[in-house]
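Bear in mind these aren't lab numbers, they're just calculated from the coordinates by the rules spelled out. The model shown is predicted, which means the values in this text are computed figures rather than measured ones. Backbone-built Cβ (ideal geometry, glycine too); neighbour counts: all protein chains shown.
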Amino acid sequence: MSEIHGLAVHAAGAHLLPYKYDAGELQANEVEIKISHCGVCHSDIHLIDNDWGFSKYPFIPGHEIVGTVVAVGSGVVDRKTGDRVGVGWQADSCGVCEWCRQGDEHLCAKSQPTCVGRNGGYADRVRVNSRFAIPVPAVLESENVAPLLCAGITVYSPLRNHGVRPSSRVGVIGIGGLGHLGLQFAKAFGAEVTAFSTSKDKEAEARSLGAHHFLNTQDTGALKKVAGSFDFLLSTVSADQDWQGYVNALRPKGMLCVVGVPPSPIQIQAFSLLGAQRSISGSPTGSPRDLHEMLDVAARHGVKAITERFAMSKANDAVAKVKKNQVRYRAVLAN
Ligand code: NAP
Ligand code: ZN
């Protein structure tokens with residue numbers, strides 16, 4: 001028997017309360033991680049509030065985890081006790097389907113999210129399949145790297161896999177946890193970068209993170225002025241947007257990639273897509289392969305999260321502040 005202690009939500013929108021569960025026998029392919037830090041992603045807020053309708057209560061949120069391996073299952077050969085590792089949205093996959101076989105485990109139909117149907121990182125420890133416990137490069141500080149495990153990979157993976165390069169004109173919409181890392185990675189890819197934000201007080205910091213231009217989306221007509229300007233727009237916003245305005249802001253062959261989760265369906269005029277061969281896409285987290293690569297790129301290009309630290313016991317305060325869009329730019333819980 002192995003008891004894990006954390007903070008769980010027992011009903012939609014409820015406060016986090018102390019909670020413990022028995023993790024049972026350590027499985028052959030699992031590692032147990034003693035958690036030092038866990039980021040507070042907006043997806044945790046959606047799960048706490050059951051915005052997506054599939055939250056299972058009680059559960060411990062948290063899927064931007066950094067910690068130290070304290071136990072390894074009998075079949076684990078690539079991680080050892082004492083390794084510093086990070087865990088993101090995904091804790092396991094089937095390992096044998098077509099997508100797992102080709103290194104796209106994040107697309108596996110049996111993918112297991114770290115804190116849906118399982119308990120996540122607002123806790124002292126967590127267990128995952130060792131393939132999803134990614135070694136963290138020594139130069140990265142645990143507090144600043146924790147948000148890369150979800151926010152970082154979610155913006156890195158589409159920039160990488162949709163071929164963003166020095167000639168690309170990239171826009172990052174919403175400069176929060178995901179967006180402030182999106183600016184840094186887009187700069188690392190060599191693109192010309194524009195920050196789209198509702199918060200004009202973020203301009204100076206957005207520029208220091210890599211934005212060449214800053215567009216205040218609250219200004220009337222702001223989107224119209226940039227019609228036909230971008231090759232790649234990445235929306236990290238959890239609210240409904242002027243989607244047609246963003247599609248119109250794309251150049252021919254441009255793509256609007258949606259990673260934030262707005263509440264309503266997205267409606268677009270077909271002609272605005274087909275005429276200029278534009279497209280809309282989505283992207284979920286990223287594969288373990290891309291996670292390894294993303295952390296390596298972060299280490300070499302100095303990409304890191306700007307964080308506000310909260311004691312693990314103050315997780316409710318962190319959640320409340322994220323809901324008010326007052327965190328600059330990622331709340332991180334520390335044990
Ligand atoms: P966050 O830190 O709260 O940042 C979201 C940003 O969106 C805010 O900082 C704000 O930026 C902007 N925003 C908020 N409310 C807005 C509104 N009403 N209108 C316009 N802009 C608004 O959230 P996050 O952790 O980055 O997550 C963002 C979204 O991505 C969430 O929906 C989350 O569930 C989703 N997500 C998806 C994946 C995936 O795999 N696809 C992974 C992680 C997260 P400004 O102040 O600059 O306007
Ligand atoms: Zn997340």
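What to note about this one:
- The chain - mean residue ellipticity at 222 nm from DSSP helices (-39,500 (n - 2.57) per run, n ≥ 4, rounded to 500): -6500 deg cm²/dmol
- Least to most buried among LEU47, LEU178 (fewest other Cβ within 10 Å first): LEU47, LEU178
- Straight-distance crosslink candidates among lysines, where the alpha carbon sits under 24 Å from LYS200 and sequence neighbours closer than 8 are dropped: LYS187, LYS224, LYS225, LYS304, LYS321, LYS323, LYS324
- Degrees separating the helix 177-188 axis from the principal Cα axis of the chain, which is the longest one: 70 degrees
- Cross-link partners of LYS253 among lysines (Cα-Cα below 17 Å; sequence separation of 8 or more within a chain): none
- Residue-by-residue Karplus 3J(HN,Hα) for segment 149-158, coefficients 6.51, -1.76, 1.60, Hz, glycine and proline x: 5, 10, 4, x, 5, 5, 8, 5, 4, x
- Efficiency of FRET between CYS94 and TYR57 - r from beta-carbon atoms, R0 25 angstrom, step 0.05: 0.45
- Exposed-site-free run, longest, the chain (rule: GluC sites (Glu not before Pro); DSSP loop; at most 15 other C-beta within 10 Å): 142-335
- If you run the Gaussian network model on the chain, springs between alpha carbon atoms under 10 Å, then out of SER111, SER36, SER281 the most flexible one is SER281.
- Zone of LYS34's modelled label, taken as backbone nitrogen in segment 51-73 under 12 Å from a point 7 Å along Cα→Cβ: 67-71
- Only Cα pairs under 8 Å and 6+ residues apart enter the sum, and on that basis the relative contact order of the chain stands at 18 percent.
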